[in-house]
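Every read-out reported here was derived from the displayed coordinates using simple, explicitly stated rules and does not represent laboratory data. Just so we're clear, the structure is a prediction, and the values are computed from it rather than from any experiment. In this analysis, Cβ positions are derived from the backbone assuming ideal geometry, glycine residues included, and neighbour counts consider all displayed protein chains.
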Amino acid sequence: MSRHDGALPAGFDEPVFAEPWQAEAFALTVALHDKGLFSWSEWADALSAEVKRPGAASDGHDYYEHWLAALEKLLSSKGIAGKGEVDALAAAWERAAHATPHGKPILLENDPGAGR
């Protein structure tokens, strides 16, 4: 049965991602796959290994944390971005966030530790 009243199905207007970084991690994964850096089966294996780790939330609220961990490990195993590089970049963004005035865009060049 089709709907012609223009109304969306129940739940359709709810956000797919709870936080913006989750959408960004999803989009990054798709883009890296599209560039040929890994296959979908490699991705599925990496994500599956993460969500099966002990301590995963039974309600799935930590799904995108596992997603991000899987992506980081996959990129590291491919020699694209090692853990140290990812950690250093994350720290630089954190410093830039703390150095950016409220309401202004966070830019990596705002990192006060850059160039050290």
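Note on LYS78/HIS102: beta-carbon distance plugged into 1/(1 + (r/R0)^6) with R0 of 30 Å gives a FRET efficiency of 0.20. Compute the helix-to-body angle for 40-51: its Cα long axis versus the longest principal axis of the chain, expressed 0 to 90° and rounded to tens. The angle comes out at about 80 degrees.
Taking the Cβ-Cβ separation of SER48 and TRP93 as r and a Förster radius of 30 Å, what is the calculated FRET efficiency to the nearest 0.05? Mind showing how you got there, number by number?
Values: r = 28 Å, r/R0 = 0.94.
With R0 = 30 Å, the Cβ-Cβ based efficiency is 0.60.
Once the Cα atoms are used to define both axes, helix 20-34 deviates from the longest principal axis of the chain by about 90 degrees.
Calculate, for ALA57 and ALA31, the FRET efficiency according to 1/(1 + (r/R0)^6) with r their C-beta to C-beta distance and R0 30 Å; round to the nearest 0.05. Could you put the intermediate results ahead of the total?
On the way: r = 27 Å, r/R0 = 0.90.
Rounded to the nearest 0.05, the efficiency is 0.65.
Over the chain, calculate the relative contact order: mean separation of alpha carbon pairs under 8 Å at least 6 apart, over the residue count, as a percent. Before the final figure, lay out the partial values.
On the way: 65 pairs, mean separation 17.0, N = 116.
That works out to 15 percent.
For the chain, the longest principal axis of the Cα atoms and the long axis of helix 83-99 meet at an angle of about 90 degrees. Largest mean-square fluctuation among VAL51, VAL30, VAL16, in a Gaussian network model of the chain whose springs join Cα atoms under 10 Å apart, belongs to VAL16.
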